[in-house]
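Engineer: Can you read through this structure? Questions will come right after.
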Amino acid sequence: MHQARFVRWSPLVLAAACSVACLSGCSSVADAPDAQADKDAEGESLQGTLRRVVISDPERGSSRFDYFLELEGGRWLQLALPAQPNFEPNSRVIVRGEQSEGAFDAASMELAGPAAEEGVGTQQAPLLAPSPKRVAVVLFNFANDTTQPIDAARAKELVFTGASSSNAYYKEVSYGVRSLVGAADAAGDVFGWYTIDASSGADCAYSDWGTAARAKAQAAGVNFGNYDYVVHYFPKTSSCQFSGVGQLPGKYNWINASGSQTIAHELGHNFGVHHASSYRCIEGGAAVPLGGTCTANEYGDPFDVMGSGYRHLSGYHKEKLGFLEAANVQTVSAAGNFELAPLEQKAAGVQVLRFPIAGTSDVYYVEYRQPFGFDSFRATDPVVSGVLIRRITVPARGVLQTKLIDNAPTSTSFTDAALAVGKTFTDAAAKVSFTLTARTATSAAVQVSFDGPPPPPPSACAAGESELNGHCYFLTTTAQSFTAAKAACVARGSGWSVASVESAAENGFLSSITGTTEYWLGGTDSAVEGTFVWPSGAAFWSGGLSGSAPAGAYASWVSGEPNNTGDCMRITAGGPWRDASCTSSYRAVCEK
Ligand SMILES: [Zn+2]
C-alpha cells in the first residue's frame, strides 16, 4: 500500500531519534522489524491525531518526547514507539499495533492527513500586527490531594496580569505583538479548582488528568474551542519529575505547581520552539569555544526562557516565532562589518546576524544584549559587554535545540559566554570568524571575515530535494491518488504542496528530474470544469479542450488535452501534460 507514507522503524529514523528521544534506551529498537514484518503483524489499527509533548526536566539536564494518539472524542492514548515518527506532530495518522497496559504498542504508523493548522505550531512569517492568544488556565487537584496551592486570583497574576507574568514576558520579548488574553475576560480566564477522580499516586498520568480536568470544566460550561492554549495547573506532585511539560507544538501544557517562568517556557514549546542548550567543547584536555569533543547541555543557555533563565528569547527563537521583521535579520554571505542593535527593544535596524555554514544545515546566530526589562542584567555582567553566538542545526522538518557557544571557556559557567570587545570566534571548518570590534550601549560592531573564499549562497533546500530559482522540489516514490499525494507533499512542511509550473524553463527542469515516469502536478479543474488552477488558486487554463492560457500564464498540454479524463493532471515523458482522474495513482512532484 502506501509504502512511502509508512513509517518503517529504519536505522535512519532510529539514529535521528536517539539524539533526542530515546524513551527507554535504544538497544531494543535495533531489532525493530522491517516494513514487511510490520505488515505481517499489523494487529489493531487506530486512526487519530499525533500529539507530541516535550518533557522538560532542567534538574536532570535532559529532555525526551512523549507521543499520544488523540482519538475521536478527545481522549489521548499514549503511544509506545520504537522510534520517533518522521511525521509532523498534529498530523492525522493511522497506527497499527497492540493495546497494552496504559499505552498502545505501535509497530507502524501511516500518514492519513496533513498537520492541522488550527492556530498552533511554528510561525515563521513576521507578525506585523498584534497576535493575542486566548489562554485558559485550568486548576485541578486529586482525589487523594485536594490542596489548592494558589487561588484563581494568584493564577491570573502568574499567567496574565503580574509584572513578571508569562503575558508580561511575551509582550515584552515580542515587542508587543504576542499577548496572552482570556476569551471571557480579556484580563485572563482561570477555571477551577476541580477535583478529578484520579490519584496523584504512582503514575504521572498528566494527559489523562488534563482530560479529566477539562471534562469537569466543560461540565461547568467552559468551551475549550474558544481557546488557543490551555494551561493545566496542579498541586506539586512528586510522581511527576518535571516542573512543566508542553506540546511541541500544540494547544496544551501541564504545570506541576510552578510559576510564570515555567509557564512561559511551556507556552514557548506550544508556540513551536525547542530548548536553548549550551555547548561545551574540550580539545587536548582544555576547554575551547569550538573543536575537539563537544557536548550540549539541554537547558544550559542562561539567556533564554527555553534554557535556564527568565530572559529574552534568543534571536533565533524570536525569528522562528515571527517576533522579528525581515529588516532585523541580516543573512551574511560576504565578509564585512555589521552593526547590531540590542535585541531587547523594537529596532528598525539589524538585531541578528545569521550565517549559514555552506554544505551543512548549521547556522550561526549573533546577537547583542543590553539591560532592559526581563533582561535585568547589571552593568558589570559580561553578557552586556559582548555578543552572544549560537549554533543551530536547522532540520528539513521540525525543530532542534539552540547551542550557546562559550567564548570564555576556562570558566565552566555560561554567564560569561559572550564574545568580548577585541576577541574573535573562529570556526576553522566553516572558514569564518566573528570579531567584536567595538560596542556602545546602543550598538555592537561585528566584523565577519572568511579564511578562504566566501561560501556560496546557502541553499534553502534539504538533502534529497532539487532546487531551481529558489524553489525546492521533491519527488515522492509511491504511486497514489492525487489526494494522498497532496497530503504527502503538504506533510513535508510549511509552504509545500504539489508542484505548480509557471514557465517553460520550470517545466523543462521538472521534465529533466521526472524522466520517463509520469508524476502528479498540482493543477485541478475540480472547482470549474475546464478551468485549471494551481494550489495557490491561480488559474492557468480555461475553456477545456478548446481553451487557452490566461495572459501571463504558462501551459503545456499534449495536443488533444485536457480532454476531461478527470479533474487532475500529470506531467508525462518529455514534459507535456495530460489530465487524469484524481483517483488514479501516480507519484507526485512536491514543491515549496
Ligand atoms: Zn522544555
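The values are calculated or read from the model by the stated rules, or taken from the named source; none is laboratory data. What you are looking at is a predicted structure, and each value in this text was computed from that prediction instead of being measured. Don't worry about glycine lacking a Cβ; one is built from the backbone with ideal geometry, like all the others, and counts go over all protein chains shown.
To keep it simple, each residue is scored yes or no on (1) more than 18 Å from GLY307 (Cβ to Cβ); (2) surrounded by fewer than 24 Cβ atoms within 10 Å (Cβ to Cβ); (3) more than 11 Å from the ligand (Cβ to nearest atom).
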| site | (1), (2), (3) |
| --- | --- |
| THR237 | yes, yes, yes |
| CYS240 | yes, yes, yes |
| VAL245 | no, no, no |
| ASN253 | no, no, no |
| THR262 | no, no, no |
| HIS265 | no, no, no |
| HIS269 | no, no, no |
| HIS274 | no, yes, no |
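Engineer: Give THR517, THR415 a once-over and let me know the one that is touching a strand residue (DSSP E or B) at 6+ places or on another chain (Cβ under 9 Å), surrounded by fewer than 18 Cβ atoms within 10 Å (Cβ to Cβ), in a loop (DSSP other than H, G, I, E, B) and modelled with pLDDT of 90 or more. Talk me through it step by step, then tell me what you get.
Structural biologist: Details: THR415 fails: touching a strand residue (DSSP E or B) at 6+ places or on another chain (Cβ under 9 Å).
Sole residue among the options that is touching a strand residue (DSSP E or B) at 6+ places or on another chain (Cβ under 9 Å), surrounded by fewer than 18 Cβ atoms within 10 Å (Cβ to Cβ), in a loop (DSSP other than H, G, I, E, B) and modelled with pLDDT of 90 or more: THR517.
Engineer: When you scan segment 292-329, how many residues do you find that are more than 15 Å from the ligand (Cβ to nearest atom), out of contact with any helix residue (DSSP H, G or I) (no Cβ under 8 Å at 6 or more places or on another chain) and either among the aliphatic types (A, V, I, L, M) or without any contact (Cβ under 8 Å) to a residue 12 or more places away in the chain (or both)?
Structural biologist: Residues in segment 292-329 being more than 15 Å from the ligand (Cβ to nearest atom), out of contact with any helix residue (DSSP H, G or I) (no Cβ under 8 Å at 6 or more places or on another chain) and either among the aliphatic types (A, V, I, L, M) or without any contact (Cβ under 8 Å) to a residue 12 or more places away in the chain (or both): 3 in total.
Engineer: Given (1) surrounded by fewer than 18 Cβ atoms within 10 Å (Cβ to Cβ); (2) within 12 Å of the ligand (Cβ to nearest atom), where does ASP185 come up short, assuming only one miss?
Structural biologist: (2) is the only condition that ASP185 fails.
Engineer: Listed residues TYR233, TYR229; which is within 16 Å of the ligand (Cβ to nearest atom), touching a Leu at 6+ places or on another chain (Cβ under 8 Å) and of a type in the set (Phe, Trp, Tyr)?
Structural biologist: Details: TYR233 fails: within 16 Å of the ligand (Cβ to nearest atom).
Of the residues listed, the single one that is within 16 Å of the ligand (Cβ to nearest atom), touching a Leu at 6+ places or on another chain (Cβ under 8 Å) and of a type in the set (Phe, Trp, Tyr) is TYR229.
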